[in-house]
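Trainee: This is the structure I have questions about; it appears just below.
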Amino acid sequence: MNIKDKKGSLLLGVVAMLTVVVIVALIGIFALREEEVFITGEAQASEYRVSGKVPGRIEMFLAEEGDQVKKGDTLVIIYSPEVQAKMDQAQAARAMAEAVNEKAKNGARQEQIVGAYELWQKAKAGEEIYRKSYERVSRLYERGVVTEQKKDEVEAQYHAAVATVKAAKSQYDMAVAGAREEDKAAAEAQVARVDGIIQEVELARAERYLTSPVDGEVAECFPKTGELVGQGSPVMSIVDLKDAWFSFAVREDMLRDIKIGSRMQVRVPALGDDLHIVEVTYIKAMGTYATWRSTKQNGQYDVRTFDVKARPVQPIQDLRPGMTAIVMKTNTMLDI
């Protein structure tokens, strides 16, 4: 081999060796470079359950899943025969209480007053007869004509007649004077009590119509038309899309730069590659079931997981609960 060939082989070897060194160096750089870490979460929104105070059957749905509703809109009508039965009972009790109250106010009728007067006069006539009989028998007893037993019998009849006159006079006086003030007050109180019952039943009837507590979207209807629902059972859920936030499960070793009030850039894949600014409003440790254990051999320790909530600084159009949100750990904090 001549010198020229030797120089060419040596140059080729040097180039090959340099190539291997560069490749190994690049592999090392990529292998040792810290991996980009993502914090992944999801969008959430306030959800309200619509439920009724009275049991019954679903008579009609006035809104379906996906409909936009306003606060106060009637969403569901519940058929409750028990409420109507209570109203019928309350109205009957109201009529009876009103009749008693009117009777107490107006007093006895004229016919009753006349009847009580006639009974009084009749009792007085009877008393006069028994008085004369008692005086006659008393004189005969003093002469020894009648026995003492006969005298006692006539005397008892006379005293009974006197008592009858007093009782008839009291009935006549009551008929003329009308009901006592206490009776009138009791009758009025009874009417007021029944009115309270009617008002309570009216409120129960109003509860048959379930309305939306907020502006939002109907997320889910739980029972079907005609199904029985109990008191307080959820019938429908309303989502307030304007009150949305992001929730992230973050290991505590990644919380160094995340504080209450911190701002981050979030990407929602479902809405494209745009970055949205959010502000951290809530940080709390999750349960022990959410703890992640380190896999390092040296200095092994347990790392807790924290629930981090962040709200958009500006409303995000078309954002819906359940959408994935991504935050880059190396680009977490914003100097805003």
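Trainee: Show the residue pairs that are 6+ apart or on different chains and have beta-carbon atoms under 6 Å apart, the first residue being within segment 249-273 and modelled with pLDDT of 85 or more, the second being β-branched (V, I, T) and open to solvent by 40 Å² or more (accessible area, probe 1.4 Å).
Mentor: Pairs found: R263/I277; R263/I336; P269/T324.
Trainee: Test K150 against the criterion of being surrounded by fewer than 15 Cβ atoms within 10 Å (Cβ to Cβ), charged (D, E, K, R) and either at pLDDT 65 or above or in contact with a Gly (Cβ under 7 Å, 6 or more places away or on another chain) (or both), and give yes or no.
Mentor: In short, yes.
Trainee: Here is a further query. Within segment 210-233, track down each residue that is in a loop (DSSP other than H, G, I, E, B) and open to solvent by 60 Å² or more (accessible area, probe 1.4 Å).
Mentor: D215, F222, K224, T225, E227, Q231 - these are the residues of segment 210-233 that are in a loop (DSSP other than H, G, I, E, B) and open to solvent by 60 Å² or more (accessible area, probe 1.4 Å).
Trainee: Going by the structure shown, is Q171 of a type in the set (S, T, N, Q), at pLDDT 75 or above and open to solvent by 80 Å² or more (accessible area, probe 1.4 Å)?
Mentor: no
Trainee: Six or more apart or on different chains, Cβ under 7 Å: which pairs go from a residue in segment 128-149 that's under 17 Å from V162 (Cα atoms) to one that's in a helix (DSSP H, G or I) and of a type in the set (G, A, S)? Could you list them?
Mentor: Matching pairs, first to second residue: Y130/A161.
The values are calculated or read from the model by the stated rules, or taken from the named source; none is laboratory data. Predicted model only: the values in this text are computed from it and were never measured. Cβ: placed from backbone, ideal geometry, glycine included. Neighbour counts: every protein chain shown. These accessible areas exclude ligands, DNA and RNA; they are computed on the full protein's heavy atoms, side chains included. Shrake-Rupley method; radii C 1.70, N 1.55, O 1.52, S 1.80 Å.
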